[in-house]
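Enquirer: Take this structure first; my questions come after.
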Amino acid sequence: MEDDKLLLSSLSFLHVADMDRSDWITVGMALKEKGYPCSVWDEWSRPDKRYKAGECERLWQSFKGSSKPVKAGTVIQMAKDRGWVPETNKAMGWDDEISYDGEGKWSQPNDIAQIPVLSPADQLITYLETLFKPNEHVSFVTNDVWDNDGKWSPGKGRYDMTQKQLVIGLKKHPDDLGAVIGDWKKEAGAWIRFNPVDGKGIKNENITAFRFALVESDTLPIEEQDALYRKYELPIAALVNSGGKSLHAIVKVDAKNQDEYRERVNVLYDFLEKRGMEIDKQNRNPSRLSRMPGVTRNGHEQTLIATNIGRRSWTDWMDYVEGAADELPPIISMADYMANPPKLREPLIDGVLRQGHKMILTAPSKAGKSMLLQQLSVAISEGLPWLDFPVKKGKVLYINLEIDDASVYWRFQNLYEALKIKPKHPQDLEVWNLRGHAVPLDQLVPKIIRRVEDQELSAIILDPIYKVITGDENNASEMGYFCNQFDRICTEVGCSMIYCHHHSKGAQGAKKSIDRSSGSGVFGRDPDAILDLTELEMTDDIKNNVRDGMATAWRLEGTLREFSGFPPKDLWFDFPLHYLDETGRLAEISPAGSPAGNLAKSGKRNSTPESRKRDLENAYTALDENYKHPSVSDLAAYLEIQPKSVRNWIDELSENYYVQSGIVFKK
């Protein structure tokens, strides 16, 4: 850190115009070796008539380092040889005079590169025009202060004037700031909010744009604060000497809302603290006051040091940081885990889904997916079992994207009646009807989070996802981004995310439950729990004994990440209710499209050319969707015949099929 201060101090003494090209390059190499950005070298080089835009950047990229790098001491010695005497141990005192030397620099402290001296009014005008738009309201405090045990504290001040009004007033009264902003107590100074307000108040909710955050440290000397700000290229809109112990850096964070503002301030503060800068964390709020430039405080001016230094924007700065600080969680060693083992989340659906995890329900059309999810909504809100799975009582939001308001209400009423329950906790089941208002999920998620962030939900059920899907459902990258939106809800709200999706086309019985959903395989890999419904092919005997002849039969299977799994459950769906088959008769039935189901449906296979052609066509169609091109073995297993017989069939139907390396292709 001492070398940092000496390097910057020696650089302020050296004049680029007095140097030859070799010495000039030496300075650049020393700055890069010390970790400073190219912009420091570039700004120092600009006064020379030999300066060429872009040359510093081009040479900077060529400084790759060596076994004997140019160190800061080389430049420090260069300055000493020219008569510079460093003051290595003298910190600036607040009683020291700060004066302008007439050459574009401040005489003290030497190592803070300041803007040319401006009058108090011009400092404040520059500040206002840098941070605010003309019609935005500015909040500031001058004479609304009180003495709090020897420390002056600001009151509400004023928040009814726009930037334009203030600038016009300051230009009209350039020698009398008090005529515009009001007189201030000389012992206290004055304050200003760096984010615009709505003209109605000064709280966080009155902030209209979350552009800037305040970085302040009272523990490091001012020279070190300035060195760190510049070394790490903070995107600073305005740098203000507080007239006390600190430089107030107004940093561009460019947040869309208060949540993003909070995240970015945390990243900013964490980055600086890890690099030795103790930050005043009381400045986290977007409505925080900073020191107003141009006014005096205990005889010292609150001075505008610089504007728009460092990186151009928050995004540009994050690119510069290149992973040294990001918005990701920390890396944790197994030793730390063992010392403080995290607790597993409680199950929401026992044996199936934990609180805060994701679940997908896949099924074909007309399986009653929506009714089954509404039935789950009732189970969570009332703390009732769901298909014999114990469910933890909680609050649930059901987001309806498909049917109208009245239909949703009456479906829930029908469910309560079919379940033969009188709701005890209807307030814990909320419905958000968005039919006609659906937007892509990445646009909907921030709205969901804002609506529910303080409601302590156990689950959000979104039905159905095709209404909000973003991108091509067969594109793995785009579906990965889509599913990441569910992760965001789980992380920021702390609830489970449950949604449904439809099967791909064709018979599904030959596929595993994880492979039945339409589109990319992401839908089979992303959720923590996959529940899948396949229809059972009922015999005439069973059909004739079904109540009213209207119920359909289904098998529920699960693919689970957190639990060992459960035996398939056989269900009846008799609108509006899904219920378990207690007769055991459905256990003997196979899903449509499975080998056993096909045989059961067709009976004993007839050994005729027509039947062989039909059976091979059906098998190929079913397996082709899952495996693209099925093998001889796949077809043999599907048809429950020997591979040799499959080859004989294909030879018989050679005008339609052929075999290559054990794979069957269709002509």
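Enquirer: In the list 510, 529, which residue meets the criterion of being out of contact with any Cys (no Cβ under 7 Å at 6 or more places or on another chain) and modelled with pLDDT of 70 or more?
Expert: Details: 510 fails: modelled with pLDDT of 70 or more.
Only one candidate passes the filter, namely 529.
Enquirer: What pairs can you find where one residue is in region 38-49 and of a type in the set (Val, Ile, Thr), the other is at pLDDT 80 or above and assigned to a helix (DSSP H, G or I), and their Cβ atoms are less than 6 Å apart, with a gap of 6+ or different chains?
Expert: So the pair list comes out as 40/31.
Enquirer: Turning to a different aspect of this structure: In region 71-89, what residues are modelled with pLDDT of 75 or more, crowded, with 16+ Cβ neighbours inside 10 Å and in a loop (DSSP other than H, G, I, E, B)?
Expert: 84, the sole residue that qualifies.
Enquirer: Another question, if that's okay. Only one residue in 191, 184 is in contact (Cβ under 8 Å) with a residue 12 or more places away in the chain and closer than 20 Å to residue 250 by Cα, so which one is that?
Expert: Of 191, 184, the one residue that is in contact (Cβ under 8 Å) with a residue 12 or more places away in the chain and closer than 20 Å to residue 250 by Cα is 191.
Enquirer: Somewhere in region 236-245, is a residue surrounded by fewer than 16 Cβ atoms within 10 Å (Cβ to Cβ), more than 31 Å from the chain's Cα centre (by Cα) and not polar (S, T, N, Q)? Please lay out each step first, then the result.
Expert: Filtering region 236-245 for residues surrounded by fewer than 16 Cβ atoms within 10 Å (Cβ to Cβ) gives 245.
Okay, now just the ones that are also more than 31 Å from the chain's Cα centre (by Cα), so 245.
Retained after the next criterion (residues that are not polar (S, T, N, Q)): 245.
Scanning region 236-245, I find at least one residue that is surrounded by fewer than 16 Cβ atoms within 10 Å (Cβ to Cβ), more than 31 Å from the chain's Cα centre (by Cα) and not polar (S, T, N, Q), so the answer is yes.
Enquirer: Right, another one. So how many residues does region 376-424 have that are closer than 19 Å to residue 448 by Cα and either part of a strand (DSSP E or B) or more than 31 Å from the chain's Cα centre (by Cα) (or both)?
Expert: So the count comes out to 6.
Enquirer: Are any residues in region 561-579 assigned to a loop (DSSP other than H, G, I, E, B), closer than 26 Å to residue 415 by Cβ and open to solvent by 70 Å² or more (accessible area, probe 1.4 Å), and if so, which ones?
Expert: Looking only at region 561-579, we keep the residues that are assigned to a loop (DSSP other than H, G, I, E, B), and these are 561-568, 575-576.
Checking which are closer than 26 Å to residue 415 by Cβ leaves us with 566-568, 575-576.
Passing the criteria: 567, 568, 575.
Enquirer: Is region 49-63 home to any residue that is under 37 Å from the mean Cα position of the chain (by Cα), in a loop (DSSP other than H, G, I, E, B) and surrounded by 12 or more Cβ atoms within 10 Å (Cβ to Cβ)?
Expert: Looking for residues that are under 37 Å from the mean Cα position of the chain (by Cα), in a loop (DSSP other than H, G, I, E, B) and surrounded by 12 or more Cβ atoms within 10 Å (Cβ to Cβ), one finds at least one in region 49-63, hence yes.
Enquirer: Can you tell me which residue within region 443-476, out of those that are among the acidic types (Asp, Glu) and within 15 Å of residue 490 (Cβ to Cβ), is farthest from the chain's Cα centre (by Cα)?
Expert: Here the residue is 456.
Enquirer: Output the residues belonging to region 355-386 that are of a type in the set (A, V, I, L, M, F, W, C) and open to solvent by 10 Å² or more (accessible area, probe 1.4 Å).
Expert: Taking region 355-386 as the starting set, the residues that turn out to be of a type in the set (A, V, I, L, M, F, W, C) are 359-361, 363, 367, 371-373, 376, 378-380, 384, 386.
Scanning region 355-386 gives a single hit, 384.
Enquirer: Related question: Looking at region 249-291 only, could you name the residues that are closer than 11 Å to residue 213 by Cβ, in a strand (DSSP E or B) and either open to solvent by less than 10 Å² (accessible area, probe 1.4 Å) or not small (Gly, Ala, Ser) (or both)?
Expert: 249, 250, 251, 252, 253, 254, 290
Enquirer: Now for a separate question. What residue, of 231, 200, is open to solvent by 10 Å² or more (accessible area, probe 1.4 Å) and over 19 Å from residue 273 (Cβ atoms)? Break it down into steps so the answer makes sense when it comes.
Expert: Working: 231 fails: over 19 Å from residue 273 (Cβ atoms).
When all the criteria are applied, what remains is 200.
Enquirer: What's the total number of residues in region 20-48 that are buried (at least 19 other Cβ atoms within 10 Å of the Cβ), modelled with pLDDT of 80 or more and not in a helix (DSSP H, G or I)?
Expert: So the answer is 0.
Enquirer: If we scan region 397-414, do we find a residue that is of a type in the set (Val, Ile, Thr), open to solvent by less than 80 Å² (accessible area, probe 1.4 Å) and at pLDDT 95 or above?
Expert: Filtering region 397-414 for residues of a type in the set (Val, Ile, Thr) gives 399, 403, 408.
Those left that are additionally open to solvent by less than 80 Å² (accessible area, probe 1.4 Å): 399, 403, 408.
Applying the additional criterion that residues be at pLDDT 95 or above yields none.
Looking for residues that are of a type in the set (Val, Ile, Thr), open to solvent by less than 80 Å² (accessible area, probe 1.4 Å) and at pLDDT 95 or above, one finds none in region 397-414, hence no.
Enquirer: Quickly run through region 425-449 and pick out the residues that are in a helix (DSSP H, G or I) and charged (D, E, K, R).
Expert: Correct list: 428, 442, 447.
Enquirer: Cβ-Cβ distance below 6 Å, separation of 6 or more or different chains: which pairs start in region 326-338 with a residue that is modelled with pLDDT under 70 and end on one that is surrounded by 10 or more Cβ atoms within 10 Å (Cβ to Cβ)?
Expert: Within 6 Å, the pairs are 327/263; 327/267.
Enquirer: Can you tell me which of 373, 304 is among the hydrophobic types (A, V, I, L, M, F, W, C), within 30 Å of residue 239 (Cα to Cα) and not in a loop (DSSP other than H, G, I, E, B)? Walk me through it before giving the result.
Expert: Working: 373 fails: within 30 Å of residue 239 (Cα to Cα).
Of 373, 304, the one residue that is among the hydrophobic types (A, V, I, L, M, F, W, C), within 30 Å of residue 239 (Cα to Cα) and not in a loop (DSSP other than H, G, I, E, B) is 304.
Enquirer: When you scan region 297-313, do you find a residue that is open to solvent by 40 Å² or more (accessible area, probe 1.4 Å), in contact with a Gly (Cβ under 9 Å, 6 or more places away or on another chain) and either among the small types (Gly, Ala, Ser) or at pLDDT 90 or above (or both), even just one?
Expert: yes
The values are calculated or read from the model by the stated rules, or taken from the named source; none is laboratory data. No experiment lies behind these values; they were computed from the predicted model shown. So basically every Cβ, Gly included, is an ideal-geometry build from the backbone, and we count neighbours across all protein chains shown. With ligands, DNA and RNA removed, areas are computed over all heavy atoms of the protein, side chains included. Shrake-Rupley method; radii C 1.70, N 1.55, O 1.52, S 1.80 Å.
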